[in-house]
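Encoded as structure tokens, the structure appears first; notes follow it.
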Amino acid sequence: MKKWISIVSMYSMIYTIITLLNSVLYLANGIYEDPSGNWHELDRAIILFIGMIAFYLCTNLPVKPLIVRYFAAYVPSQLLVFAYVWFSGLREELARTAYRDIWINFTSLFVLFCIGNTVISVCKEKKKKIITSQSR
């Protein structure tokens, strides 16, 4: 149960940060209302959900080395995000840069999470080696 609470908490925090950042950027550019309205919020939530699933795959796939695991999770999740953007284009006209924007945003967040996961993994391995060498 704690794992699910942790996942939901992480999802909520990331969604909030992304939404606040988006709002600040809009305001800084003189746009006082989200031109896409509520659909934009739902789109963000769904794309973040896809990203969270991809990160879960990154941390749980039994594939070595890490770069292969990241690539194996990134490619299908990015394709799924592109498909979602395409389907959202059936509902409303997409911005001219929609695919570029989603690629930059999704990839940036994915890379940040992969870097964080790699740092954590390396630290755990070092700690495990230190503990193992001290117990001999």
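Observations, loosely collected:
- When residues of region 1-21 are limited to those that are modelled with pLDDT of 80 or more and surrounded by 12 or more Cβ atoms within 10 Å (Cβ to Cβ), the one farthest from Ala45 (Cα to Cα): Met10
- Set side by side, the residues Ile18, Ile50 differ, and just one is out of contact with any Ser or Thr (no Cβ under 6 Å at 6 or more places or on another chain) and either more than 17 Å from Ser108 (Cα to Cα) or of a type in the set (A, V, I, L, M, F, W, C) (or both), which is Ile18.
- Only one of Asp34, Asp101 that is in contact with a His (Cβ under 6 Å, 6 or more places away or on another chain) and exposed (fewer than 15 other Cβ atoms within 10 Å of the Cβ): Asp34
Results for (1) in a helix (DSSP H, G or I); (2) of a type in the set (Lys, Arg); (3) touching a residue at least 12 places away in the same chain (Cβ under 8 Å); (4) on the phi > 0 side of the Ramachandran plot, shown as yes or no for each residue.
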residue: Leu20; (1), (2), (3), (4): yes, no, no, no
residue: Ile31; (1), (2), (3), (4): no, no, no, no
residue: Ile46; (1), (2), (3), (4): yes, no, yes, no
residue: Ile67; (1), (2), (3), (4): yes, no, no, no
residue: Ala73; (1), (2), (3), (4): yes, no, yes, no
residue: Gln78; (1), (2), (3), (4): yes, no, yes, no
residue: Arg96; (1), (2), (3), (4): no, yes, no, no
residue: Asn117; (1), (2), (3), (4): yes, no, yes, no
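- Residues in region 22-31 that are surrounded by 10 or more Cβ atoms within 10 Å (Cβ to Cβ) and among the hydrophobic types (A, V, I, L, M, F, W, C): Val24, Leu25, Leu27, Ile31.
- Test: Trp86 is loosely packed, with under 14 Cβ neighbours inside 10 Å and either assigned to a loop (DSSP other than H, G, I, E, B) or not aliphatic (A, V, I, L, M) (or both): yes
- Selection status of Tyr56, of a type in the set (Phe, Trp, Tyr) and modelled with pLDDT under 85: yes
- Looking at Val111, Val68, Val24, just one residue is out of contact with any Gly (no Cβ under 7 Å at 6 or more places or on another chain) and within 25 Å of Lys3 (Cα to Cα), and that residue is Val111.
- Apart from one condition, Asp43 fits all of (1) modelled with pLDDT under 90; (2) under 15 Å from the mean Cα position of the chain (by Cα); (3) open to solvent by 60 Å² or more (accessible area, probe 1.4 Å); (4) not hydrophobic (A, V, I, L, M, F, W, C); the exception is (3).
- The test for being closer than 22 Å to Ile14 by Cα, among the hydroxyl-bearing types (Ser, Thr, Tyr) and either open to solvent by 50 Å² or more (accessible area, probe 1.4 Å) or at pLDDT 90 or above (or both) does not hold for Ser133.
- Some residue of region 53-60 being hydrophobic (A, V, I, L, M, F, W, C), assigned to a helix (DSSP H, G or I) and loosely packed, with under 12 Cβ neighbours inside 10 Å: no
The values are calculated or read from the model by the stated rules, or taken from the named source; none is laboratory data. On a predicted model such as this, the values are computed, not experimentally measured, just so you know. When we count neighbours, we look across all protein chains shown, and the Cβ atoms used for this are built from the backbone with ideal geometry, even at glycine. Protein only, heavy atoms only, side chains kept; ligands, DNA and RNA dropped before computing areas. Shrake-Rupley method; radii C 1.70, N 1.55, O 1.52, S 1.80 Å.
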